[in-house]
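Asks: Next up is a structure, given as structure tokens.
The values are calculated or read from the model by the stated rules, or taken from the named source; none is laboratory data. Not measured: the values here are computed from a predicted model. No Cβ is skipped: glycine too gets one built from the backbone with ideal geometry, and neighbour counts run over all protein chains shown.
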């Protein structure tokens, strides 16, 4: 079989070899066989799954693979040293803070041999159609790239080099053809040619799709792209269960409460102390629509699929964009997407006034990165205010000290706000909201 290496930037993942070309047909929802992300974050991997590395042989010779040791307490897999600790010079994966933080490491050893992290799945039944890798998401922090290889048993099916793109994960799907019970699918990550390290954040789903059909397009699980409208996805490429439940609960709260004051945003908004909001605005029945981890694109989806039109609040307070900034979105891209979000809010709640807040400062001091980009972004956000329906307020200076320091009692992790910080924030924002609520027609 003739192989070739594909550098993936914006192109879809393509076949390596010619014996299993993608088949024509319209998109369809394939039957999910297995979800790598769910298996990798469990305390004990399901029996069909194994996590390995090519400890005793070349990649593509599964007889030379050794099992990684998995730790139920830390939900990590790796190679242990003589003392029982995980080696930092061997492949493995670690899990922290949920789905978006399943990190894989692979490296080249002192002899120059590329050691791959290998996730293997053994089919326990004959698929009805073709087996696809779908909702593939790989985001690598290594500038040289990460080598991705997929084998069925020991036969290579795909070989690709995933380049580092700080803002987005590469998404892909691939047809592995008609497989049978007992076949083993190996998905391996290793360092790019000449590189010392490889790996990144990986998610994918194994699907059984009717022959001649193509599964639905892969979802951007790790990082939405600009101008998209999308919920947060789970490891299976579908809307996250907890996310969907929270969104529905918030829609119900809006419908039942019919608030005059609504707060929308990410985890910084979600953490507003209820006693501060309700204590300051008891008659306005404030409702908090913050959800942790949201990007602008996620909030846009929630507004489009929400219930604001049923409440017609007098004022909507919007704070969003810090997660986009972390991922490398430019100030112009953030402002453009916030502008689209504002237009959607105005369409959904045409009688509402909107208070757009500037992105809050981050880090130990406002003199540190990324606060220069935050200031640049806020300049552009301020221009979105028309002083009629959309107003802008930057409360960032109330959260920092005179020398520019950001105290841990105000922002404990230098990102999220704590009680004293919310008090300062409300002192700056409260009078503005009073005026907006009073002047509401």
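Asks: Part of a helix (DSSP H, G or I) and either assigned by TED's automatic domain parsing to the domain that holds residue 276 or crowded, with 17+ Cβ neighbours inside 10 Å (or both): does that describe residue 372?
Replies: The answer is yes for residue 372.
Asks: Please verify whether region 203-219 includes one or more residues that are within 27 Å of residue 160 (Cα to Cα), surrounded by fewer than 22 Cβ atoms within 10 Å (Cβ to Cβ) and touching a helix residue (DSSP H, G or I) at 6+ places or on another chain (Cβ under 9 Å).
Replies: no
Asks: Which of (1) farther than 20 Å from residue 316 by Cα; (2) at pLDDT 95 or above is the odd one out, the single condition residue 413 does not satisfy?
Replies: If we test residue 413 against (1) farther than 20 Å from residue 316 by Cα; (2) at pLDDT 95 or above, just (2) comes out false.
Asks: When you go through 264, 276 one by one, which is the residue that is touching a strand residue (DSSP E or B) at 6+ places or on another chain (Cβ under 7 Å) and modelled with pLDDT of 95 or more?
Replies: Working: 276 fails: touching a strand residue (DSSP E or B) at 6+ places or on another chain (Cβ under 7 Å).
Answer to the check: 264.
Asks: Let me ask something additional. Give the number of residues within region 365-395 that are closer than 16 Å to residue 265 by Cβ and out of contact with any strand residue (DSSP E or B) (no Cβ under 9 Å at 6 or more places or on another chain).
Replies: Total satisfying the criteria: 2.
Asks: Pull up region 128-154, narrow it to residues that are more than 15 Å from residue 199 (Cβ to Cβ) and either outside the structural domain of residue 46 (by TED's automatic domain parsing) or without any contact (Cβ under 8 Å) to a residue 40 or more places away in the chain (or both), then point me to the one that is surrounded by the most Cβ atoms within 10 Å (Cβ to Cβ).
Replies: 150
Asks: Residue check: is residue 180 touching a residue at least 12 places away in the same chain (Cβ under 8 Å), assigned by TED's automatic domain parsing to the domain that holds residue 36 and in a loop (DSSP other than H, G, I, E, B)?
Replies: yes
Asks: Another one. Among the candidates 114, 125, which residue alone is more than 28 Å from residue 327 (Cα to Cα) and surrounded by fewer than 19 Cβ atoms within 10 Å (Cβ to Cβ)?
Replies: 125
Asks: Take residue 233 and tell me if it is at pLDDT 95 or above, within 13 Å of residue 99 (Cβ to Cβ) and in contact with a helix residue (DSSP H, G or I) (Cβ under 7 Å, 6 or more places away or on another chain).
Replies: Values: at pLDDT 95 or above: yes; within 13 Å of residue 99 (Cβ to Cβ): yes; in contact with a helix residue (DSSP H, G or I) (Cβ under 7 Å, 6 or more places away or on another chain): no.
Considered against the rule, which asks whether it is at pLDDT 95 or above, within 13 Å of residue 99 (Cβ to Cβ) and in contact with a helix residue (DSSP H, G or I) (Cβ under 7 Å, 6 or more places away or on another chain), residue 233 comes out as no.
Asks: Considering only residues that are at positive phi and surrounded by fewer than 16 Cβ atoms within 10 Å (Cβ to Cβ), look in region 309-360 and name the one that is farthest from the chain's Cα centre (by Cα).
Replies: Out of the qualifying residues, it is 312.
Asks: I've got another one for you. Please count how many residues of region 91-114 are under 30 Å from residue 237 (Cβ atoms) and not in a strand (DSSP E or B). I'd like the intermediate steps shown before the answer.
Replies: Narrowing region 91-114 to residues under 30 Å from residue 237 (Cβ atoms): 91-107, 114.
Then keep just the ones that are not in a strand (DSSP E or B); that gives 91, 96-101.
Qualifying residue count for the region: 7.
Asks: In region 332-346, is there at least one residue being assigned by TED's automatic domain parsing to the domain that holds residue 414, over 25 Å from residue 254 (Cβ atoms) and modelled with pLDDT under 95? Spell out the reasoning first.
Replies: So in region 332-346, the residues assigned by TED's automatic domain parsing to the domain that holds residue 414 come out as 332-346.
Okay, now just the ones that are also over 25 Å from residue 254 (Cβ atoms), so 332-336.
Filter once more, so that each one left must be modelled with pLDDT under 95: none.
There is no residue in region 332-346 that is assigned by TED's automatic domain parsing to the domain that holds residue 414, over 25 Å from residue 254 (Cβ atoms) and modelled with pLDDT under 95.
Asks: Condition test on residue 120, is it closer than 19 Å to residue 42 by Cβ, surrounded by fewer than 17 Cβ atoms within 10 Å (Cβ to Cβ) and under 25 Å from the mean Cα position of the chain (by Cα)? Explain how you work it out, then say what you get.
Replies: On the way: closer than 19 Å to residue 42 by Cβ: yes; surrounded by fewer than 17 Cβ atoms within 10 Å (Cβ to Cβ): no; under 25 Å from the mean Cα position of the chain (by Cα): yes.
No; evaluated as a whole, the condition is false for this residue.
Asks: Among the residues of region 88-107 satisfying the criterion of being farther than 28 Å from residue 240 by Cα and at pLDDT below 95, which is surrounded by the most Cβ atoms within 10 Å (Cβ to Cβ)?
Replies: 89
Asks: Does residue 248 meet the test of being under 23 Å from residue 321 (Cα atoms) and without any contact (Cβ under 8 Å) to a residue 60 or more places away in the chain? Reasoning before the result, please.
Replies: On the way: under 23 Å from residue 321 (Cα atoms): yes; without any contact (Cβ under 8 Å) to a residue 60 or more places away in the chain: yes.
Answer is yes for this residue.
Asks: Right, here's the next one. For region 113-120, check the following and say yes or no: at least one residue is touching a helix residue (DSSP H, G or I) at 6+ places or on another chain (Cβ under 6 Å) and more than 25 Å from residue 204 (Cα to Cα).
Replies: no
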